[in-house]
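Step one of this worksheet: look at the structure below.
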Amino acid sequence: MIAFANINKQYGKQLLFVEASFQLNPGEKVGLVGPNGAGKTTIFRMIVGEEAPDEGDVSVPKKLTIGYFRQDVEEMSGRSVLDEAIAGSGRAGDLHHELEELQHAMGDPARAGDMDTILARFGEVQEEYDHLGGYALESQAREVLHGLGFDDERIDGDVGALSGGWKMRVAMARVLLGKPDVLLMDEPTNHLDLESIIWLESFLKSHEGALLMTSHDREFMNRIVSKIAEIDSGEITVYSGDYDFYERERATREANKEAAYARQQSMLAKEQRFIDRFKTHASKAAQVQSRIKSLDKIEKLELPKQRVVVKFTFKDPPRSGDQVAVIEGLSKAYGKRVIYEDFNLTIRRGERWAVMGRNGAGKTTLLKMLAGALAPDGGDVRLGASLKMGYFAQQSLDTMDADLTVFEQLQKDFSREGVGALRSLAGAFQFSGDDVDKKIRALSGGEKSRLAMARMLFDPPNFLVLDEPTNHLDLATKEMLVDSLKAFEGTMIFVSHDRAFLRGISNRVLELGGESGTDAHPHAYLGSYVEYVERTGHEAPGIHT
């Protein structure tokens, strides 16, 4: 269907692809992986014709329909969320809006003289629209938008009033509604909560067309893809299996390459010793020359590149009192919407609470009240003795000095630490080489998140309050973070949409909102996320597995 044949691509001195080949077949669901800057987005851009290879061919059939969900969302305003979702959903969406314009024209007295032309065009558009199933488009759009977390009030509201994250969901709805032959999805889970991610998994699994996607969510990738295409050192290598299979197979291939390299090095050294020993012996001259020629003809193997994941051992936090936080009679409402009513909870030392709940159930509200960033309407939030809190939220990323570099910020925060310790800290959060000299104002959202985490955990608090700590983090950083926090001896309460993080960290679950999403009395489960799923039969409130 889509084929890359011997493509070369270079940006300045950076070689992205060297005679790389790859094929996406009809109906295949493929995960695209590789280090940052390896060329994943370039692959997408070459498929849609926004870029071309320097050499080689990218073959895309002309009649193929392609839907491309990307991380940069264009400006949206002047329409309802529903109309905006329908507008970009392919041919049926175009016809939907032409029908609306024609209906408006038919009621316009100023265009009475054009009525024959308008009516004729209306008939043509209506026939094609009906043929494409257009009259079911609005109900399909509502279904998709509901799946992505929108309620009816938002669906019928002004798209221009939405935040950037919610506009990303509208952009995704447009792509999904188009039902293209090929879906290209660049990090689709970044702005979704767990409920929407589980819905999207189901949608993509039932999608009949081909799918090529990148994702930093291991679980999401495992449940959807049946192939992995890895970009590394200019080549594209395909593995037939999910992400877990890819990791195992890649490790096996690397081990085999290392063994073959070691065997060849041993053989080369043995041959070289023979040559060195007998090169001055006339009787062995023919043998020596023969071996020299043989060595020249041998294709030398290279040691596979090792991906360096820096391990960082974080310091133990100071010990807190047994009661870390006590919530008594808590109430909180936004207008007529009651979020909490007479809520009580005691958080004890060593507990790791995962806060679950649908959109609007009050997850972030609870963390803000614990952190002192928001006052309750009634009741008390009391923090225990000897407590040092660390609060991570997306808004807290703005506390860094935009004019400093990554390394300068770490030096400012930890002025007594040596250069080696700070470089190790930066490396553990994937800042290596020139990355440490980047200005904070130039960092991406993911890079800022990594830096904020590094600053918080180097001298760790004994009570971590984390709101979506894994947003925008790549798989390597997520796994390092889970490994580090498993050994964390303090107390935690957190919100996360990443199931690997939920499974790896939690030993308590607080479910907000219940099945309806509006229950103002949270339910506490005294066990891990895994036990919560087993007991409730769902991975998130209201989502049944």
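Every number here is computed from the coordinates shown, using simple stated rules; none is lab data. Only a predicted model underlies this, so the values are computations on that prediction, with no experimental measurement involved. For neighbour counting, all protein chains shown are included, and Cβ atoms are generated from backbone atoms with ideal geometry for every residue, glycine included.
Observations
- Scattering curve values for the stretch 54-113, log₁₀ I(q)/I(0), Debye with Cα scatterers, q = 0.22 Å⁻¹: -1.02
- For the stretch 444-542, the ratio of Cα radius of gyration to the globular rule of thumb 2.2 N^0.38 Å stands at 1.14.
- Each principal axis of the chain carries a Cα extent, and these read 106, 77, 48 Å when sorted largest first.
- Non-local Lys pairs in the stretch 396-523, i.e. 8 or more apart or on different chains, that have alpha carbons under 23 Å apart: 9
- Between amide H atoms placed 1.01 Å from N, distances below 5 Å from Leu466 occur with Phe392, Ile493, Phe494, Val495, all of them 5 or more places distant or on a separate chain.
- Cut-off 11 Å between beta-carbons: net charge of the residues surrounding Lys448, Lys and Arg +1, Asp and Glu -1: +2
- When the P(r) of the stretch 245-297 is calculated, the portion above 15 Å amounts to 59% of the C-alpha pairs.
- Antiparallel content of DSSP bridges confined to the chain, in %, to 5: 55 percent
- Geometric extent, Cα atoms of the stretch 80-163 - Rg, Dmax (angstrom): 14.9, 46
- Sequence-distant lysines (8 or more away, or on other chains) whose Cα lies within less than 17 Å of Lys9: Lys40
- Near the amide H of Ile2, within less than 5 Å, lie the amide hydrogens of Leu24, all on another chain or at least 5 residues away, with H placed in the peptide plane.
- Spacing of the two label points (7 Å from each Cα toward its C-beta) at Ala260 and Ala3, in nm: 2.6 nm
- The HN-Hα couplings worked out from phi for the stretch 118-126 by the Karplus form 6.51 cos²θ - 1.76 cosθ + 1.60 (θ = phi - 60°) are 5, 5, 5, 5, 4, x, 5, 5, 4 Hz, whole numbers, x standing for Gly and Pro.
- Residue-averaged 222 nm ellipticity for the chain, from DSSP H runs of 4+ at -39500 (n - 2.57), nearest 500: -12000 deg cm²/dmol
- Span from the the stretch 419-458 Cα centroid across to the the stretch 35-67 one, whole angstrom: 31 Å
- Cα-based reach from Lys332 at 22 Å (exclusive), listing lysines while leaving out same-chain residues under 8 positions away: Lys363, Lys368
- Straight-line cross-link reach from Lys279 at under 13 Å between alpha-carbon atoms covers these aspartates and glutamates, not counting any fewer than eight positions away in the same chain: Glu271.
- Inverse mean reciprocal Cα-Cα distance (Kirkwood Rh) of the stretch 323-544, Å: 18.4 Å
- Computed lengthening from Val238 to Glu408, 0.36 nm per intervening residue step minus Cα-Cα distance: 57.1 nm
- Remark: the stretch 190-326 is approximated by an ellipsoid whose semi-axes, taken from the C-alpha gyration tensor as √(5λ), come to 52, 26, 9 Å, largest first.
- Counting only Cα atoms, the size of the stretch 115-233 along its three principal axes is 61, 31, 26 Å, in decreasing order.
- Here the gap between Ile275 and Asn344, fully extended at 0.36 nm per residue and compared with their Cα-Cα distance, gives a gain of 16.7 nm.
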